[in-house]
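Contents: one structure, followed by commentary.
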Amino acid sequence: MIYIHCQNLGLRFSYIKTINILDANAEHFSWLFKLSDKEEVKDQYTVAIKMPDELADNLIWEFISSNSTYTLSTFLGEMFDNDEFRKMFREQLELSVHTNLVNRRFCGDMAKKIEQTHLDDHEQAIFDLLNQIDFPRWAEVEI
């Protein structure tokens, strides 16, 4: 199981004086996203949301297409239509995330690149997931 740990970094500057924090949606806050295989979080300002298969598939496909030639990505794209093939890649991503957490450093290129390069491209999908749950609206801000 892959989780996205979403750490609330506080209300975005442009909304500080214009919106009531209790009325704010996830889009109104700044977030730090990290991949994990654990549901529990240590920080009171962080929430873990389960990554849906569709989001995982989109992230994996972006990783594949950005790290392969056009010819290879075309071939892999045809294979990616197969449910078992996508499941295999989701399992590989989960293993890569777990390995990185256990070793406290990035060992697998897949999880590293997805977290550092592609995860922020899907922030609206993550915001939608956050809006469905009770996320922490308060955050400790250093001045």
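Where a number appears in this text, it was derived from the coordinates with a stated rule and is not lab data. The structure presented is a predicted model; accordingly, all values stated were derived computationally and were not measured. All Cβ positions, glycine included, derive from the backbone under ideal geometry; neighbour counts span all protein chains shown.
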Next on the checklist: Helix-only estimate, please: 222 nm mean residue ellipticity of the chain, summing -39500 (n - 2.57) across DSSP H runs of length 4 or more and dividing by its residues, to the nearest 500.
Outcome noted: -13000 deg cm²/dmol
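Suppose every K and R has +1 on its Cβ and every D and E has -1 on its Cβ; what is the size of the dipole of the range 3-131 about the Cα centre, in Debye to the nearest 20? Could the numbers behind the result be given before it?
Working: 13 positive and 22 negative charges, 139 e Å.
Roughly 660 debye for the range 3-131.
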Item to check | Centroid-to-centroid separation of the range 16-34 and the range 51-81 [C-alpha atoms, Å] | outcome: 32 Å
Checklist entry - Which one, (1) 1.55; (2) 1.15; (3) 1.24, gives Cα Rg over 2.2 N^0.38 Å as derived from the coordinates shown? => result (2)
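Counting only pairs 8 or more places apart or on different chains, how many lysine pairs in the chain have C-alpha atoms closer than 18 Å?
Numbers: K34/K42; K34/K50; K34/K112; K34/K113; K38/K50; K38/K112; K42/K50; K50/K87.
Lysine pairs meeting the criterion: 8.
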Checklist entry - Which order results if F80, F29, F75 are arranged by neighbouring Cβ count within 10 Å, fewest first? => result F75, F80, F29
Checklist entry - Taking amide hydrogens as modeled 1.01 Å from N in the peptide plane, which residues meet the under 5 Å criterion relative to Y3, leaving out close sequence neighbours? => result S36, D37, K38, M51
Checklist entry - Between Q92 and R12, what length comes free when the chain is fully extended (0.36 nm per residue of separation minus the Cα-Cα distance, one decimal in nm)? => result 25.3 nm
